Amino acid sequence: YADFFARLAPHGVNAAELWLSSWNLALEWRGDWPEFAGLGRYSQERAWRLDRILDLAWQNGIRLNLVINNHGQVSEDTDREWQNNPYSRANGGFIDDALQYFIDPRALARQDALRRYIAGRYADHPGVLGWKLWSEQDLTVAGRRDKIDVLATWHAQAAARWGVLDTYHHPLTTH
């Protein structure tokens, strides 16, 4: 990232997007993967790495839009990661299918805990441009036309909660 930001900055780049995905900078994933400790336990290695990346971006005049969720986490078709999701009962979680991620009260409470952690740790960093709730939500199990009401309800609740948690009022989006 240091080299990448240093190359971008002289060309006027002042914003970029950064996914907090299991294969990049997620803070939470299944506990038998390197750097992770399972559901509800946030990887301090990943959190530290994100601290450093935000610092580097800011030093280069770049602000980052942090993508909290990516479609694969709860997709059974496209870039499937559901089989590795810590919310899945198969991985020690408590839900049986990816759609429950959007409606199960326990899953919603765990997601809110992660939001609180992320907002509490990063919202005051000047390198944060904003938050993106989802990348490619149409590819999630809830993105199907027959489940769009589930996705809309989830987004309304998540956006309202971010509005409370982020006292710096960064922009909030989804994709």
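In segment 13-24, the residues that are at negative phi form Cβ pairs under 8 Å with partners that are surrounded by fewer than 17 Cβ atoms within 10 Å (Cβ to Cβ) and of a type in the set (Phe, Trp, Tyr), at six or more places apart or across chains, as follows: Ser22/Trp33. Note on segment 153-175: residues that are open to solvent by less than 90 Å² (accessible area, probe 1.4 Å), under 17 Å from the mean Cα position of the chain (by Cα) and not small (Gly, Ala, Ser) total 11. Taking the condition open to solvent by less than 40 Å² (accessible area, probe 1.4 Å), touching a residue at least 60 places away in the same chain (Cβ under 8 Å) and not basic (Lys, Arg), does Trp134 pass? So Trp134 passes the test.
Among the residues of segment 134-158, those that are modelled with pLDDT under 90 and in a loop (DSSP other than H, G, I, E, B) comprise Thr140, Arg144.
Pick from Arg106, Arg116: which is without any contact (Cβ under 8 Å) to a residue 40 or more places away in the chain and either open to solvent by 20 Å² or more (accessible area, probe 1.4 Å) or in a helix (DSSP H, G or I) (or both)?
Values: Arg116 fails: without any contact (Cβ under 8 Å) to a residue 40 or more places away in the chain.
Being without any contact (Cβ under 8 Å) to a residue 40 or more places away in the chain and either open to solvent by 20 Å² or more (accessible area, probe 1.4 Å) or in a helix (DSSP H, G or I) (or both) holds for just one of Arg106, Arg116, which is Arg106.
Selection within segment 139-152: residues that are over 17 Å from Trp82 (Cα atoms) and free of Cβ contacts under 8 Å to residues at least 12 places away in the same chain. The member of this set that is least open to solvent (accessible area, probe 1.4 Å) is Ala152. Criterion applied to Leu54, Leu50, Leu25, Leu66 was being at pLDDT 95 or above, within 17 Å of the chain's Cα centre (by Cα) and assigned to a strand (DSSP E or B), and the one residue passing it is Leu66. Of the residues Asp138, Asp166, which single one is within 26 Å of Arg49 (Cα to Cα) and either touching a helix residue (DSSP H, G or I) at 6+ places or on another chain (Cβ under 7 Å) or not polar (S, T, N, Q) (or both)? When all the criteria are applied, what remains is Asp166.
The values are calculated or read from the model by the stated rules, or taken from the named source; none is laboratory data. Note that the structure is predicted; figures quoted are calculated from it, not measured. Note: ideal-geometry Cβ built from the backbone for every residue, glycine included; neighbour counts use all protein chains shown. Keep in mind that these areas ignore ligands, DNA and RNA; they rest on the heavy atoms of the full protein, side chains included. Shrake-Rupley method; radii C 1.70, N 1.55, O 1.52, S 1.80 Å.
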